[in-house]
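The values are calculated or read from the model by the stated rules, or taken from the named source; none is laboratory data. Bear in mind the structure is a predicted one, so any value in this text is a computation, not a measurement. Positions of Cβ are backbone-derived with ideal geometry, glycine not excepted, and every protein chain shown enters the neighbour counts. The area values use the complete protein model at the heavy-atom level, side chains included, leaving out ligands, DNA and RNA. Shrake-Rupley method; radii C 1.70, N 1.55, O 1.52, S 1.80 Å.
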Amino acid sequence: QVQLVESGGGLVQPGGSLRLSCAASGSIFGDNAMGWYRQAPGKERELIATITSGGIRNYGDSMKGRFTISRDNAKNTVDLQLNNLGPEDTAEYFCYWNGRTSAWSSARYNYWGQGTQVTVSS
């Protein structure tokens, strides 16, 4: 299994910035993808961005520009820079991992972090 630990959430004023971090550990084998999703109360979970171990990035609709994803393969960490935040960005942010957990199986699995709360309010 893979464990994901998020950090960096909190309360910020409109127009402010935050940097979220996530560290993956456990049975990680070969190439993988990491990313960030978010979910506000009463709404579905939505994609923010993902990045593969090869450095390929994919952003959700309206996410590219204010948000920037990056990773450190040596440390199995992924970061998300959030800029120019507004109240509409208030949500629980979840770290995501997808990849192989065994050296002898090609099956890929999804894992989710516990989540970290981001609240934007004046």
(request) Determine whether the range 20-32 contains at least one residue that is in contact (Cβ under 8 Å) with a residue 12 or more places away in the chain, open to solvent by 50 Å² or more (accessible area, probe 1.4 Å) and in contact with a Lys or Arg (Cβ under 7 Å, 6 or more places away or on another chain). (result) yes
(request) Would you please name the residue that is most open to solvent (accessible area, probe 1.4 Å), looking only at residues in the range 1-15 that are more than 13 Å from the chain's Cα centre (by Cα), at pLDDT 95 or above and farther than 11 Å from Thr119 by Cα? (result) Gln3
(request) Give the number of residues within the range 34-74 that are farther than 21 Å from Gln114 by Cα and of a type in the set (D, E, K, R). (result) 4
(message) When you scan the range 57-66, do you find a residue that is in contact with a Leu (Cβ under 6 Å, 6 or more places away or on another chain) and either on the phi < 0 side of the Ramachandran plot or free of Cβ contacts under 8 Å to residues at least 60 places away in the same chain (or both), even just one?
(response) yes
(request) Output the residue which, of all residues in the range 84-116 that are in contact (Cβ under 8 Å) with a residue 12 or more places away in the chain, outside any strand (DSSP E or B) and of a type in the set (Ser, Thr, Tyr), is surrounded by the fewest Cβ atoms within 10 Å (Cβ to Cβ). (result) Ser102
(request) Give the number of residues within the range 37-83 that are assigned to a strand (DSSP E or B) and either surrounded by 13 or more Cβ atoms within 10 Å (Cβ to Cβ) or among the small types (Gly, Ala, Ser) (or both). (result) 25
(request) Scan the range 1-28 residue by residue and report those that are within 12 Å of Trp97 (Cβ to Cβ) and assigned to a strand (DSSP E or B). (result) Val2, Gln3, Leu4, Val5, Glu6, Cys22, Ala23, Ala24, Ser25, Gly26
